[in-house]
Amino acid sequence: MKGIRIGTRKSRLAIAQTDIVTGMIRSRFPAIRVEVVPMNTAGDRLPLERRAEVEGKAVFTEEVEIALIGGAIDLAVHSMKDLPNELAEGLAIGATPARGDVRDVLVAKKDGSTISTLRRGAVIGTSSIRRKAQLRSMRDDISVVDLHGNVDTRLLRIERENLDAIVIAAAGLERLGESRRISQYFSPHEMVPAPCQGAIAVEVREEDEYVGSLLSGIDDERVRAETTCERSFARALGGDCDVPAGASAALDAGTLKLSAIILSPDGGTIVKGSATSEVTNAEGLGTQLARQLLRDGGDELLRGARNP
């Protein structure tokens, strides 16, 4: 068997997720030689204070994808929610391994605090407009401030910047062995997750049949259906910018249910809904619910968020 080269960002979380994928490949193909190629992307090189200026997801994936297209690597491992809604020509998602926890969590400076017990006027850090809007819909007295950086950086900034708490994805903390830091899990109904939160995407060249055959053994059909539906929802909203919208799909006994939300940035206006379909219509279900929520007022909310 010829060896394969796996590209990834250099962050501790990206490496941890790549370790999951390489472990799955090696367990099925112990004779294969696997080389991990860590890479710095343009987004990684940006100072934290300038990351709010960046629009779109490609700034954190483009250089890895260029290496993949050019043959410098054979596959790339990403957090799926970081992938652009439209992949570069010639690339495809070759595998969607078992998904982590989809939920958002609160990490509070004071152990055991929850969103309801934080002090009045509490300061919470998150760079996600989706999380900001949903937090403001829960409590109108809190102050929500921008918080960029990798997981380690955000955890350090709780103390450094005297924050009462931050909101972050459960899957990232769990993959880094930091779940003890979690003060509260938000159910997907309390805080609707970002599309594809907790999912890993293994990106490949469409024409590479050898790598494609290797990855077929680590693809999870449930995760494939759920994330296809969620990516379809995000694509139908338009663009790759951070927007105050969330979507979470769940497959049960062949039926796929998608729940989604669009909010005004201040959390004061909410449009939400759900829909179901057969699993074979995963992509259509995402598009259908997105169009429904846009018609019900979500389009105006997104225009307001994109052009404040």
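The values are calculated or read from the model by the stated rules, or taken from the named source; none is laboratory data. None of these values were measured; they are calculated from a predicted model. Because the Cβ atoms are built from the backbone with ideal geometry, glycine has one as well, and the counts that use them run over all protein chains shown.
Pick from the stretch 134-161 the residues that are part of a helix (DSSP H, G or I) and either of a type in the set (Gly, Ala, Ser) or without any contact (Cβ under 8 Å) to a residue 12 or more places away in the chain (or both): which of them is farthest from ILE182 (Cα to Cα)? Of everything passing the filter in the stretch 134-161, SER137 is farthest from ILE182 (Cα to Cα). From the list SER213, SER248, which residue is assigned to a helix (DSSP H, G or I) and not β-branched (Val, Ile, Thr)? Step by step, each of SER213, SER248 is checked, and only SER213 is assigned to a helix (DSSP H, G or I) and not β-branched (Val, Ile, Thr). If you filter the stretch 177-205 down to residues that are within 25 Å of ALA88 (Cβ to Cβ) and among the hydrophobic types (A, V, I, L, M, F, W, C), you find that the one that is surrounded by the most Cβ atoms within 10 Å (Cβ to Cβ) is CYS196. Restricting to the stretch 251-286, and then to whatever is β-branched (Val, Ile, Thr) and either in a strand (DSSP E or B) or not assigned by TED's automatic domain parsing to the domain that holds GLU226 (or both), can you tell me which residue is farthest from VAL192 (Cα to Cα)? Per the stated criteria, the residue is THR255.
Among the residues making up the stretch 168-192, those that are touching a residue at least 12 places away in the same chain (Cβ under 8 Å) and under 22 Å from THR18 (Cβ atoms) are ILE168, ALA169, ALA170, ALA171, GLY172, LEU173, GLU174, ARG175, LEU176, GLU178.
Let's see how each residue does on (1) under 27 Å from ALA250 (Cβ atoms); (2) aliphatic (A, V, I, L, M):
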| position | (1), (2) |
| --- | --- |
| GLU65 | no, no |
| ASP82 | yes, no |
| ARG103 | yes, no |
| ALA122 | no, yes |
| LEU163 | no, yes |
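When residues in the stretch 144-163 are screened for being of a type outside the set (Lys, Arg) and either under 19 Å from ASP242 (Cβ atoms) or in contact with an Asp or Glu (Cβ under 8 Å, 6 or more places away or on another chain) (or both), 10 of them pass.
Considering (1) in contact with a strand residue (DSSP E or B) (Cβ under 9 Å, 6 or more places away or on another chain); (2) free of Cβ contacts under 8 Å to residues at least 12 places away in the same chain, the lone condition that VAL211 does not fulfil carries the number (2). Scanning the stretch 240-263 for residues that are at pLDDT below 95 and among the aliphatic types (A, V, I, L, M), we see that the one that is farthest from the chain's Cα centre (by Cα) is ALA253.
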